[in-house]
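Chemist: Just passing along the structure, written as structure tokens.
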Amino acid sequence: MNYKHVAIIIPIFNERNNILTLIDLLLKKVPGANIVVVDDNSPDGSALAIEKNFGKINKVHLLKGVRKMGRGNAVFRGFFYAYQKCSSQIFVEMDADHSHKPQLVPQLVNLVTANTVVCASRYLKDSRISGWSRLRIIFSRLSNFIIKNILNNPLMDSTNGFRAYPKKAIEVFQKHSPITSNYLVLSETVTLLANHNFKFLEVPSHFPNRTVGKSNTTPILATQSLVDLFMIWWHYKLWRK
Ligand SMILES: Nc1nc2c(ncn2[C@@H]2O[C@H](COP(=O)(O)OP(=O)(O)OP(=O)(O)O)[C@@H](O)[C@H]2O)c(=O)[nH]1
Ligand SMILES: [Mg+2]
């Protein structure tokens, strides 16, 4: 199968020791797909490593930001680039740290329809998380429970950034810019697309914790997420009613 209609967007910040192996795997598991890596001027030289190793492969694209602007912001830059330059029909977002497995991409892509977004979930019966402390699992489940109830969100896991979107969803993002730009944007896009009558399909996934490189999640970003949740609720649930 050739996946030339697919664009895979990977936001990176200091992922030099993950991104090269991930691109290698994606070139094998999702042949023909455009791979769009969005780097925010990582101090560890991620961009240079990509240029050195994949500079001659025209399916691998590198977008360079000038400073760290958040995962969500990076993914949107990648979506809009792929929409314009690669004529893609299906848009996948995934992390670089190997918590999102490249072999699941074809399954996500094959289930997308014109108005269905397909989301890898860590909280279905056949899902699995490995390498997380009990505290982190409780924190993640609790966050999802709160988000689901406050935003009336249909997903069991709306904080996992491993999804495949149809082209129409990107057109919604172009018309209605999300108001958040970090991790909570994943919950915001669900709310935004649900308001535009999109459906969501969750598929079970295995989520191993990163073993290489450092987490970008900080206590400040976690606190920011609470503020973002309030902003999303205000903007989409209260203000728009
Ligand atoms: N371009 C860009 N990428 C980012 C930014 N923040 C995070 N990322 C990337 O977004 C993805 C998710 O970030 P992680 O650091 O893995 O966050 P996390 O999964 O909550 O944390 P871990 O569990 O420790 O992996 C990774 O590929 C990061 O490199 C950013 O500001 N800009
Ligand atoms: Mg991660």
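Chemist: When you check residue 187 against the structure, is it at pLDDT below 95 and hydroxyl-bearing (Ser, Thr, Tyr), yes or no?
Modeler: In short, no.
Chemist: Only one residue in 193, 184 is within 16 Å of ligand 2 (Cβ to nearest atom), among the aliphatic types (A, V, I, L, M) and in contact (Cβ under 8 Å) with a residue 40 or more places away in the chain, so which one is that?
Modeler: 184
Chemist: What number of residues within region 181-204 satisfy the criterion of being in a loop (DSSP other than H, G, I, E, B) and under 14 Å from the mean Cα position of the chain (by Cα)? Can you show your working first?
Modeler: In the first step, residues of region 181-204 are kept if they are in a loop (DSSP other than H, G, I, E, B); the result is 181-184, 196-198.
Retained after the next criterion (residues that are under 14 Å from the mean Cα position of the chain (by Cα)): 181-184.
Residues meeting the conditions: 4.
Chemist: Tell me the residue from 155, 108, 142 that is more than 16 Å from ligand 1 (Cβ to nearest atom), out of contact with any helix residue (DSSP H, G or I) (no Cβ under 8 Å at 6 or more places or on another chain) and of a type in the set (A, V, I, L, M), please.
Modeler: Checking each option against the conditions leaves just 108.
Chemist: Tally time: how many residues in region 81-100 are assigned to a loop (DSSP other than H, G, I, E, B) and within 16 Å of ligand 2 (Cβ to nearest atom)?
Modeler: Selection size over region 81-100: 7.
Chemist: Out of region 25-73, which residues are over 28 Å from residue 106 (Cβ atoms) and among the hydrophobic types (A, V, I, L, M, F, W, C)?
Modeler: Hits for region 25-73 are 48, 66, 69.
Chemist: Within the group 50, 57, which residue is over 15 Å from residue 94 (Cα atoms) and either without any contact (Cβ under 8 Å) to a residue 24 or more places away in the chain or in a helix (DSSP H, G or I) (or both)?
Modeler: 50
Chemist: What number goes with the only condition from (1) within 15 Å of ligand 1 (Cβ to nearest atom); (2) within 26 Å of residue 21 (Cβ to Cβ) that residue 165 does not pass?
Modeler: Failing condition for residue 165: (1).
Chemist: I would also like to ask the following. From (1) away from ligand 2 (no atom under 16 Å from the Cβ); (2) farther than 16 Å from residue 144 by Cα, pick out the condition that doesn't hold for residue 224.
Modeler: (2)
Each row is one residue, and each column tells you yes or no for (1) within 16 Å of ligand 1 (Cβ to nearest atom); (2) more than 25 Å from residue 220 (Cβ to Cβ).
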{"position": "6", "(1), (2)": "no, yes"}
{"position": "17", "(1), (2)": "yes, no"}
{"position": "25", "(1), (2)": "yes, yes"}
{"position": "29", "(1), (2)": "no, yes"}
{"position": "32", "(1), (2)": "no, yes"}
{"position": "46", "(1), (2)": "yes, no"}
{"position": "55", "(1), (2)": "no, yes"}
{"position": "75", "(1), (2)": "yes, no"}
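Chemist: Within region 114-134, identify whether any single residue is closer than 15 Å to residue 209 by Cα and without any contact (Cβ under 8 Å) to a residue 12 or more places away in the chain, and answer yes or no.
Modeler: yes
The values are calculated or read from the model by the stated rules, or taken from the named source; none is laboratory data. It should be emphasised that the depicted structure is a prediction, and the values quoted were computed from it without experimental measurement. Virtual Cβ from ideal backbone geometry, glycine too; neighbours counted across all protein chains shown.
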